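Heads up: the structure comes next, in structure tokens.
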Amino acid sequence: MKIIVHRGTHQIGGSCIELATENTRIILDIGQELPSIDETEFQNKSQLPQVKGLYNGGEKAIDALFISHYHGDHVGLIGNVHPDVPIYIGEKAAKILNMTAQFTGSKACVSPAGYLVSGQEIKVGDFSIVPYLVDHSAFDAYAFVIYAENKCIVYTGDIREHGKKKLSTYFFRQKLPKEIDALLIEGTMMGRTTEVIETEEQIEQKAYDFMVSRKDRPIFVIQSSANIDRLVGMYRATKRSGRIFVMDIFTANIVSQVGGRIPNPYTFKDVRVFYPFHLTRRMFKEPDGKELMKQFSQHLISRKELGERKDYCMLVRDTMLSDLQHINNLEGAGIIYSMWSGYLKTERLERMMNYAAKMNMEIIHLHTSGHAGIKTLQNIAKSCSPERIIPIHTEYPERFIDKFANVVIVNDNEAIFI
Ligand SMILES: [Zn+2]
Ligand SMILES: [Zn+2]
């Protein structure tokens, strides 16, 4: 079997891996480089990886494309894929991706040939692919165990074990094959080895403590709308502290794709919906936008009502500054910044934070990575005991050499035969 990492051997994001036998070629992920401000948006330009037969306009020569999860650095370039290439992705992941595309106008949307179901094998030519649900900051994310020509490859996708308890150890409890020829393992955190990794539960507890400490003030949370684990934690902290939970109309549409048990305005009485001014105006002009906007209108909370109450926690995004500026009584409110700190350097977030400072808001930073620290990565390697470990999705592949056995460092587009 041939393995080509088209992109991701020396960078985080833009992932694209090809596995090939003589008769069959499959691709794992088609990511965009440089994640954007919010991982649900895909506004950055990115070169297409050099994969012959994958794209629109040429002759199709790829038998299937498997998407591990909906983050832009794994799926952002999917709009360029030849329409005859069958695509496999988790069902809820596809729904979230497509809903995001409707709101952002992104081309990253899918019409899958089939859905990934944890533990259920999919056959494509010489290949047999078994997806396993993993813990990551994207909902409905998968690792893959792949068989062909009596060889076996494991691709972790993006993975961690410090998220919601039930899921965090699920992958590690699977009986993986005894002989694994190659482990393609993500190494995002190899550049941040000193970072203390908190669990999602710890983040939730800290959010709760903060909400209690500012009892008579509104709380705002800046987080990605597609980080469902975080959203659930924030909702639980909100509920425990006796507040109502407010999400914007985009987030309401996203969470309603996921299912009834995730906090959403339909089935949770204490969840209300805010309609940001610019987004609302734009969406009402879109052909299908009106319906998406109207479906939550009975759960609407107005700026006026927000200005009159203090017992709420509201999710906000960097595009909502002008909305905040039109809500009364925000002096001294609390802000939980719950994303990667690098995004704070962007102009829109900078402006939002300046406004918060001007309004004497107290800002705290509560975030934990979507990626595994070294210990977890070592656990994965141990449970696979692979013939070779190929680091990907990392800026520091060489740092694996000291900490893991059988490491093979490869370059983008280099073919390895196993
Ligand atoms: Zn990634
Ligand atoms: Zn990811």
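The values are calculated or read from the model by the stated rules, or taken from the named source; none is laboratory data. Computed from a predicted structure; not experimentally measured. No Cβ is skipped: glycine too gets one built from the backbone with ideal geometry, and neighbour counts run over all protein chains shown.
Listed here are the residues, each with its yes/no results for (1) away from ligand 2 (no atom under 16 Å from the Cβ); (2) on the phi > 0 side of the Ramachandran plot.
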position: 87; (1), (2): yes, no
position: 90; (1), (2): no, no
position: 97; (1), (2): no, no
position: 102; (1), (2): yes, no
position: 113; (1), (2): yes, no
position: 131; (1), (2): no, no
position: 150; (1), (2): yes, yes
position: 155; (1), (2): no, no
position: 162; (1), (2): no, no
Seminar exercise, completed: Here the residues within the stretch 50-71 that are closer than 22 Å to residue 115 by Cβ, assigned to a loop (DSSP other than H, G, I, E, B) and either within 16 Å of ligand 1 (Cβ to nearest atom) or in contact with a His (Cβ under 8 Å, 6 or more places away or on another chain) (or both) are 54, 60, 62, 67, 68, 69, 70, 71
Exercise. Just wondering, is there one or more residues in the stretch 180-195 that are away from ligand 1 (no atom under 14 Å from the Cβ), modelled with pLDDT of 95 or more and touching a helix residue (DSSP H, G or I) at 6+ places or on another chain (Cβ under 8 Å)?
Worked result: yes
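Please go through the stretch 133-148 and pick out each residue that is more than 13 Å from ligand 2 (Cβ to nearest atom), under 30 Å from residue 226 (Cα atoms) and without any contact (Cβ under 8 Å) to a residue 60 or more places away in the chain. Please lay out each step first, then the result.
Step one: of the stretch 133-148, the residues more than 13 Å from ligand 2 (Cβ to nearest atom) are 133, 144-148.
From what's left, under 30 Å from residue 226 (Cα atoms): 133, 144-146.
133, 145 - these are the residues of the stretch 133-148 that are more than 13 Å from ligand 2 (Cβ to nearest atom), under 30 Å from residue 226 (Cα atoms) and without any contact (Cβ under 8 Å) to a residue 60 or more places away in the chain.
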For this session: Considering each residue of the stretch 108-140, count those that are surrounded by fewer than 18 Cβ atoms within 10 Å (Cβ to Cβ) and of a type in the set (Phe, Trp, Tyr), and give that number.
Result: 1
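Within the stretch 393-413, work out how many residues are at positive phi, under 26 Å from the mean Cα position of the chain (by Cα) and away from ligand 1 (no atom under 16 Å from the Cβ). Before the answer, list the steps.
Pass one, the stretch 393-413, residues at positive phi: 393, 406, 413.
Still in the list and also under 26 Å from the mean Cα position of the chain (by Cα): 393, 413.
Add one more test, that the residue is away from ligand 1 (no atom under 16 Å from the Cβ), and what stays is 413.
The number of residues fulfilling the criteria is 1.
Considering only the stretch 320-331, I want to know if a residue exists there that is within 28 Å of the chain's Cα centre (by Cα), loosely packed, with under 14 Cβ neighbours inside 10 Å and over 19 Å from residue 217 (Cα atoms). Spell out the reasoning first.
Taking the stretch 320-331 and keeping what is within 28 Å of the chain's Cα centre (by Cα), we get 320-324.
Next, only the ones that are loosely packed, with under 14 Cβ neighbours inside 10 Å stay: 322.
Next, only the ones that are over 19 Å from residue 217 (Cα atoms) stay: 322.
Looking for residues that are within 28 Å of the chain's Cα centre (by Cα), loosely packed, with under 14 Cβ neighbours inside 10 Å and over 19 Å from residue 217 (Cα atoms), one finds at least one in the stretch 320-331, hence yes.
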Exercise. Looking at (1) surrounded by fewer than 16 Cβ atoms within 10 Å (Cβ to Cβ); (2) more than 22 Å from residue 244 (Cα to Cα), can you tell me which one residue 292 breaks?
Worked result: (1)
